[in-house]
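**Q** Dropping a structure here in structure tokens format, bear with me for questions.
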Ligand code: ADP
Ligand code: MG
């Protein structure tokens, strides 16, 4: 889908708006977000609860639609995709990691990791081999045949990361990936995510923990559905910068 590439950034967003509508009221959640993220960046999104972080991440991951503005992902204008094209593009481009791991409780670690390949109709033998390689990479080979409830929180999150990686995504989107973990385990999971970014995967993490955002190279801070400020790491320290895109 790169034929009509109109923007060279991995993520190119202009004046993005999103509201949620319920019977009684509408809630304007994203109020004109403009943002460029280059391939290979290591970014966190911070801001108070309710500021729109998860909404933005879900739109970036093509899990949710937007009402106005433009979103180009790797040159493709997302709102022009059919539902089916959007699902295919999401599977090709994005790996998701969630706070609550989102593992299937009655499937073992190997089966959980292999699941995206099941939907791609890869044979059981082949998907188990590939899933085992990814578990091994996460240091979890010995845990392949254990159910999620037999794993620690950190192990569960590493299984979820292995599952996110199995289709070879260009981007990892993580929504509060350390939110359910103690501080030591959080550091381990952050080391894994940092390592993936160092291998070249564009990595975007929603967090309200400063230790997490400090580990990334760029912080995008939301307030009431708008970008309040951005920082970039400079010699290991985050300096406030002008947002990359100003109208
Ligand atoms: P954050 O992740 O920063 O805490 P969210 O993006 O989850 O914020 O939510 C922003 C606002 O939108 C909140 O007020 C939340 O209650 C509301 N919201 C989120 N999802 C929905 C939904 N599916 N329907 C209605 N309101 C929603
Ligand atoms: Mg959230």
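**Q** Hey, can you tell me all the residues within region 103-126 that are over 21 Å from the mean Cα position of the chain (by Cα) and touching a residue at least 24 places away in the same chain (Cβ under 8 Å)? Let's see the steps before the verdict.
**A** Step one: of region 103-126, the residues over 21 Å from the mean Cα position of the chain (by Cα) are 105-108, 110-111, 118, 121-126.
The answer is 105, 106, 107, 108, 110.
**Q** For the structure I just gave you, tell me whether residue 40 is surrounded by fewer than 20 Cβ atoms within 10 Å (Cβ to Cβ) and touching a helix residue (DSSP H, G or I) at 6+ places or on another chain (Cβ under 8 Å).
**A** Working: surrounded by fewer than 20 Cβ atoms within 10 Å (Cβ to Cβ): yes; touching a helix residue (DSSP H, G or I) at 6+ places or on another chain (Cβ under 8 Å): yes.
Considered against the rule, which asks whether it is surrounded by fewer than 20 Cβ atoms within 10 Å (Cβ to Cβ) and touching a helix residue (DSSP H, G or I) at 6+ places or on another chain (Cβ under 8 Å), residue 40 comes out as yes.
**Q** For the condition farther than 22 Å from residue 15 by Cα and surrounded by 14 or more Cβ atoms within 10 Å (Cβ to Cβ), what is the one hit in 194, 231? It would help to see each step written out before you state the result.
**A** On the way: 231 fails: farther than 22 Å from residue 15 by Cα.
Selected residue: 194, the only one of 194, 231 that is farther than 22 Å from residue 15 by Cα and surrounded by 14 or more Cβ atoms within 10 Å (Cβ to Cβ).
Condition check ((1) touching a strand residue (DSSP E or B) at 6+ places or on another chain (Cβ under 8 Å); (2) at pLDDT below 95; (3) within 16 Å of ligand 2 (Cβ to nearest atom); (4) assigned to a loop (DSSP other than H, G, I, E, B)) across all residues:
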position: 174; (1), (2), (3), (4): yes, no, yes, no
position: 184; (1), (2), (3), (4): no, yes, no, no
position: 192; (1), (2), (3), (4): no, no, no, no
position: 195; (1), (2), (3), (4): no, no, no, no
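**Q** Quick one: which residue in 28, 72 is closer than 20 Å to residue 228 by Cβ, at pLDDT 95 or above and not in a loop (DSSP other than H, G, I, E, B)? Explain how you work it out, then say what you get.
**A** On the way: 72 fails: closer than 20 Å to residue 228 by Cβ.
Selected residue: 28, the only one of 28, 72 that is closer than 20 Å to residue 228 by Cβ, at pLDDT 95 or above and not in a loop (DSSP other than H, G, I, E, B).
**Q** Given the condition in contact with a helix residue (DSSP H, G or I) (Cβ under 8 Å, 6 or more places away or on another chain) and near ligand 1 (Cβ under 8 Å from one of its atoms), answer yes or no: does some residue in region 47-58 qualify?
**A** yes
**Q** Considering each residue of region 80-102, count those that are surrounded by fewer than 16 Cβ atoms within 10 Å (Cβ to Cβ), more than 21 Å from residue 30 (Cα to Cα) and over 13 Å from the mean Cα position of the chain (by Cα), and give that number.
**A** Taking region 80-102 as the starting set, the residues that turn out to be surrounded by fewer than 16 Cβ atoms within 10 Å (Cβ to Cβ) are 80, 82-85, 87-88, 91-92, 100, 102.
So of that shortlist, the ones also more than 21 Å from residue 30 (Cα to Cα) come out as 82-85, 87-88, 91-92, 100, 102.
From what's left, over 13 Å from the mean Cα position of the chain (by Cα): 82-85, 87-88, 92, 100, 102.
Residues flagged as surrounded by fewer than 16 Cβ atoms within 10 Å (Cβ to Cβ), more than 21 Å from residue 30 (Cα to Cα) and over 13 Å from the mean Cα position of the chain (by Cα) within region 80-102 amount to 9.
**Q** Please verify whether region 49-63 includes one or more residues that are more than 16 Å from ligand 2 (Cβ to nearest atom) and either assigned to a helix (DSSP H, G or I) or modelled with pLDDT of 95 or more (or both). Quick ask: steps written out before the conclusion?
**A** Here is the first cut: in region 49-63, the residues more than 16 Å from ligand 2 (Cβ to nearest atom) are 62.
Imposing the further condition that a residue be either assigned to a helix (DSSP H, G or I) or modelled with pLDDT of 95 or more (or both) reduces the set to 62.
There is at least one residue in region 49-63 that is more than 16 Å from ligand 2 (Cβ to nearest atom) and either assigned to a helix (DSSP H, G or I) or modelled with pLDDT of 95 or more (or both).
**Q** Can you tell me how many residues in region 161-179 are away from ligand 1 (no atom under 16 Å from the Cβ) and in contact with a helix residue (DSSP H, G or I) (Cβ under 8 Å, 6 or more places away or on another chain)?
**A** Residues that pass the stated criteria total 10.
**Q** Does region 215-237 contain at least one residue that is out of contact with any helix residue (DSSP H, G or I) (no Cβ under 6 Å at 6 or more places or on another chain), more than 16 Å from ligand 2 (Cβ to nearest atom), under 18 Å from residue 178 (Cβ atoms) and assigned to a helix (DSSP H, G or I)?
**A** No, every residue in region 215-237 fails to be out of contact with any helix residue (DSSP H, G or I) (no Cβ under 6 Å at 6 or more places or on another chain), more than 16 Å from ligand 2 (Cβ to nearest atom), under 18 Å from residue 178 (Cβ atoms) and assigned to a helix (DSSP H, G or I).
**Q** Between a residue in region 47-68 that is at positive phi and any residue that is within 9 Å of ligand 2 (Cβ to nearest atom) and at pLDDT 95 or above, which pairs come within a Cβ distance under 7 Å, given they are 6 or more apart or on different chains?
**A** Within 7 Å, the pairs are 47/53.
**Q** Continuing with the same structure: What are the residues in region 6-25 that are surrounded by fewer than 18 Cβ atoms within 10 Å (Cβ to Cβ) and at pLDDT 95 or above, if any?
**A** 14, 15, 17, 19, 20, listed by residue number.
**Q** More than 27 Å from residue 212 (Cα to Cα) and away from ligand 2 (no atom under 13 Å from the Cβ): which single residue out of 34, 82 fits that description?
**A** 82
**Q** If you don't mind, there's one more thing I want to ask. Identify the single condition in (1) loosely packed, with under 14 Cβ neighbours inside 10 Å; (2) more than 13 Å from ligand 1 (Cβ to nearest atom); (3) over 22 Å from residue 221 (Cα atoms); (4) over 18 Å from the mean Cα position of the chain (by Cα) that residue 77 does not satisfy, given that it satisfies every other one.
**A** The failed condition is (1).
The values are calculated or read from the model by the stated rules, or taken from the named source; none is laboratory data. Keep in mind it's a predicted model, so treat the numbers as computed, not measured. Note that we place each Cβ from the backbone using ideal geometry, even for glycine, and neighbour counts take in every protein chain shown.
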